[in-house]
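What follows is a short report on a single structure.
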Amino acid sequence: MYKTQTRVLVIDDSAFMRKMITDLLSSNEQIEVVGTARNGEDGLKKIKELSPHVVTLDVEMPVMDGIATLKNIMDTNPIPVIMLSSITKEGSTKTIQAISNGAVDFIQKPSGSISLDIDKIKEELIKKVIAAANVKVSKHPKSTEDVDFKTAVNQTFKNSHAQTIVAIGTSTGGPRALQRVLTDLPDDFTTPIVIVQHMPPGFTKSLADRLNTLTKIHIKEATHGEIIQKSTVYIAPGDFHLKIRKMGTSFAVELSKEAERSGHRPSVDVLFESLAEIPNVNKIAVLLTGMGNDGSKGLQRLKEKDSSTVVVAENEESSIVYGMPKAAIKTNTVNHIVHLHQVGHTISNLIKKPRGM
């Protein structure tokens, strides 16, 4: 259940943005803006004084920027933080860093010097703040040693084909979850992975670039028409659906601007449904943390077309937001419900076999 009212502190160096964000949030009766701060140092003092449930935090500020402020919050008094970011390359890079360092989510700042289109983000901002208020933020996340691995998967596919594709869908909390899953895969992991992460244009490239520095597996933003290669992870670019299509004995990336699905482009459903149409390939579909139910319809389609598809969902304990995995589990298509720290191991154990892509 939601708290009676979500107490929010707004930290931004722009007086205009502080006023606009306050007005937008205050328009919802579930939210009370308890204060504002003009930079990180001011914000840290206000957090101690006002005890907010959620903080909105500008990425780029003087005196103490959003990255340094977030680190201090996470080290001393962890509370849910939503970053506000510009769409510049530096802004998107810092935002991905912030998400990886503990921020729950981010909002893309309205474009334009006067920010006249800020009301476009009103619904998204309110939705994310209310969701963030229900997120448990820990100073010391569980280490791998704290997780029960008794349910580790040792099976392989029942009907083993020569080629395998892993498809992953995620939203809120996804960048951190993806980092965990991809770095848990062995360095010699060769099966291609295709990912839909709900994120605006520009940010998916920064996400791919950051993740690519953390593992020997090649991680990139997908491009239209490219042939899917071994030992490579493809992340759908923001504002494009990603489909997989068969080309001879290979697979290709197809990007499209088709209508949004359930408010999303890229959509996990679109990715999963495209995979469902490809015969004679081992399929692993994974649903990680995220708001909403994107991916559920695609999972049902996958199982209808190929009952040997293996579906893995992150469990409630480790999910930042238990929306997408919960919706997936309700479809009765999920084979394995596992802690985030087990997802990478589950994937690699499932496809350990003499042959494979």
Worksheet item: Does PHE149 qualify as being surrounded by fewer than 22 Cβ atoms within 10 Å (Cβ to Cβ), at pLDDT below 95 and under 23 Å from ASN280 (Cβ atoms)?
Response: no
Worksheet item: Quick one: is LYS257 out of contact with any Phe, Trp or Tyr (no Cβ under 8 Å at 6 or more places or on another chain) and either more than 30 Å from GLU124 (Cα to Cα) or assigned by TED's automatic domain parsing to the domain that holds SER171 (or both)?
Response: no
Worksheet item: Which of the residues belonging to segment 223-246 are within 25 Å of ASP188 (Cα to Cα) and crowded, with 21+ Cβ neighbours inside 10 Å?
Response: VAL233, TYR234, ILE235, ALA236, ILE244
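To keep it simple, each residue is scored yes or no on (1) touching a residue at least 60 places away in the same chain (Cβ under 8 Å); (2) more than 22 Å from VAL135 (Cβ to Cβ); (3) assigned by TED's automatic domain parsing to the domain that holds ASN282; (4) β-branched (Val, Ile, Thr).
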position: ASP306; (1), (2), (3), (4): no, yes, yes, no
position: GLU317; (1), (2), (3), (4): no, no, yes, no
position: TYR322; (1), (2), (3), (4): no, no, yes, no
position: ALA328; (1), (2), (3), (4): no, no, yes, no
position: THR331; (1), (2), (3), (4): no, yes, yes, yes
position: VAL334; (1), (2), (3), (4): no, yes, yes, yes
Item to complete: Inspect all residues belonging to segment 240-248 and state whether any of them is touching a His at 6+ places or on another chain (Cβ under 7 Å), in a strand (DSSP E or B), closer than 22 Å to ALA328 by Cα and among the hydrophobic types (A, V, I, L, M, F, W, C).
Response: no
Worksheet entry | Test: LYS303 is within 14 Å of ALA167 (Cβ to Cβ) and either under 15 Å from the mean Cα position of the chain (by Cα) or not hydrophobic (A, V, I, L, M, F, W, C) (or both) | yes
Fill in: Lone qualifier among ASP42, ASP58 - being among the acidic types (Asp, Glu), free of Cβ contacts under 8 Å to residues at least 40 places away in the same chain and at negative phi
ASP42
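The values are calculated or read from the model by the stated rules, or taken from the named source; none is laboratory data. Note that the coordinates shown come from a computational prediction; the quantities given were computed from them, not determined experimentally. Positions of Cβ are generated from backbone atoms using ideal geometry, with glycine treated the same way; all protein chains shown enter the neighbour counts.
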